[in-house]
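Colleague: Before we start, here is the structure in question, set down as structure tokens.
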Amino acid sequence: MCCEFDLHLHTSCHSECSVMTPEEMVGRALEMGLDGIAITEHEYTWSDEEIRELVKKTHAETLIILAGQEVRCYERWEIQGDFLVFGTRGNFYAPTARELIQRVHRSGGIVIAAHPYRSGLSVLGAGDMVHDLDIDALELHHPNHPPESVKKARRAIERLKIPGIGGSDAHHADQVGCCTTRFHREVHDLLQMMDEIRRGRVRALQRNFEFRDSGFDYF
């Protein structure tokens, strides 16, 4: 049985650039009919206790809530792009992309290139560097990915033989679920989610949304 997740979300609780409270995020996810979400704050991973408290507070027992983080990588203090990390709670301080991937893989986790070909603040996407990295997946559908960016991402997916995912990168509640990932099998926890991505049993989806070219709505 398939299930649908938004794998890229930020809340005002731990991401200063977000104006969406965790409660608003959960409410919107349920309203959109999502089966699950992944909270990916900047350089912070929600604890199991925080997630349990959020579920209790919002009565969202039917929603699977997973935790990862978004990490910004640098080479000689030049931004190499943003990456979604799952399966490790380590703290990362300005790592290079290769250092990040090595550390996460040693911990048994996965690394996904976030909005690699984003418009606007293009420096926050890894761009063609993804072709030289041992990433596990990349974000195919994202609100800052116009058609040309999607084409470039598809070419990278085909060449690297990795899956593409969808994530809203929501910082406002009304953005939740505009881009999602469909899993071909049910996912109930983080280990299952990572395994399904590694096996490529996912499909990136994009719902109706207004493409944003400014780059200032998603950090």
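Colleague: What distance in nm lies between label points placed 7 Å from Cα along the C-beta direction at E16 and C2?
Modeller: Distance between label points: 4.1 nm.
Colleague: Exposure proxy check: S107, S119, S149 ranked by fewest other beta carbons within 10 Å?
Modeller: S107, S119, S149
Colleague: Can you pull out the trypsin sites (Lys or Arg not before Pro) in the stretch 75-140 whose DSSP state is coil and whose Cβ has at most 11 other Cβ atoms within 10 Å? All intermediate terms of the calculation are to be shown ahead of the outcome.
Modeller: Details: sites: R76, R89, R98, R103, R106, R118; in loops: R76, R89, R118.
For trypsin sites (Lys or Arg not before Pro) across the stretch 75-140 that sit outside H, G, I, E and B with at most 11 neighbouring Cβ atoms in 10 Å, the list reads R76.
Colleague: Turning to a different aspect of this structure: Reachable aspartates and glutamates from K57, Cα under 16 Å, same-chain residues fewer than 8 places away excluded?
Modeller: Within the straight-line cut-off, K57 pairs with E23, E24, D48, E49.
Colleague: How high is the FRET efficiency between E61 and R154 when r is their beta carbon distance and R₀ equals 35 Å, given to the nearest 0.05?
Modeller: Working: r = 37 Å, r/R0 = 1.05.
Once rounded, the FRET efficiency stands at 0.40.
Colleague: Let me ask you something else. Using just the Cα positions, wrap the stretch 68-219 in a convex hull and report its mean projected area in square nanometres, one decimal place.
Modeller: Numbers: hull surface 34.3 nm².
Averaging across all directions leaves 8.6 nm² for the Cα convex hull.
Colleague: If I model a spin label at L30 and Q192 as a point 7 Å from the Cα along the Cα→Cβ vector, what separation in nanometres do I get?
Modeller: 2.0
Colleague: How far apart, in nanometres, would the label points at A94 and I51 be if each is projected 7 angstrom from Cα along the Cα-to-Cβ direction?
Modeller: 3.1
Colleague: Tell me which lysines have Cα within less than 25 Å of K161's Cα, excluding those fewer than 8 residues away on the same chain?
Modeller: The reachable lysines, counting only those whose Cα sits under 25 Å from K161, are K151, K152.
Colleague: Identify the GluC sites (Glu not before Pro) of the stretch 165-211 meeting these criteria: DSSP loop state and at most 12 other C-beta atoms within 10 Å of the C-beta.
Modeller: E210
Colleague: While we're looking at this one, here's another question. Could you line up K152, K57 from fewest to most neighbouring Cβ atoms inside 10 Å?
Modeller: The most exposed by this proxy come first: K57, K152.
Colleague: OK, next. Which percentage, to the nearest 5, of the DSSP beta bridges contained in the chain is antiparallel? Display every interim value, and only then the final one.
Modeller: Values: 19 of 35 bridges.
Beta bridges within the chain, antiparallel portion: roughly 55 percent.
Colleague: OK, next. Please identify every one of the trypsin sites (Lys or Arg not before Pro) in the stretch 166-204 that sits in a loop by DSSP and has no more than 16 other beta carbons within 10 Å of its own beta carbon.
Modeller: Numbers: sites: R182, R185, R198, R199, R201, R203; in loops: R185, R199, R201.
Those satisfying the criteria are R185, R199, R201.
Colleague: Follow-up question, since we're still on this one. Divide by every residue of the chain the summed helix terms, -39500 (n - 2.57) for each DSSP H run of at least 4, and state the resulting mean residue ellipticity at 222 nm, rounded to the nearest 500 deg cm²/dmol.
Modeller: Result for the chain: -7500 deg cm²/dmol, rounded to the nearest 500.
Colleague: Compare the peptides 42-49, 9-16 by average per-residue count of other Cβ atoms within 10 angstrom and give them in order, highest first.
Modeller: Ranked by mean Cβ neighbours within 10 Å, highest first: 9-16, 42-49.
Colleague: Would you list H171, H59 from fewest to most Cβ contacts within 10 Å?
Modeller: Numbers: H171 19, H59 10.
Exposure proxy ranking, most exposed first: H59, H171.
Colleague: Return the long-range amide H neighbours of Y44 (sequence gap of 5 or more, or a different chain), with a cut-off of under 5 Å between placed amide H atoms.
Modeller: Here E70 satisfy the definition.
Colleague: Can you give the FRET efficiency to the nearest 0.05 for S122 and H184, using r as the Cβ-Cβ distance and R₀ = 30 Å?
Modeller: On the way: r = 32 Å, r/R0 = 1.06.
The formula returns an efficiency of 0.40 here.
The numbers here are math on the coordinates, done by the rules we state, and not lab data. Note that the structure is predicted; figures quoted are calculated from it, not measured. All Cβ positions, even for glycine, are placed from backbone atoms using ideal geometry, and neighbour counts span all protein chains on display.
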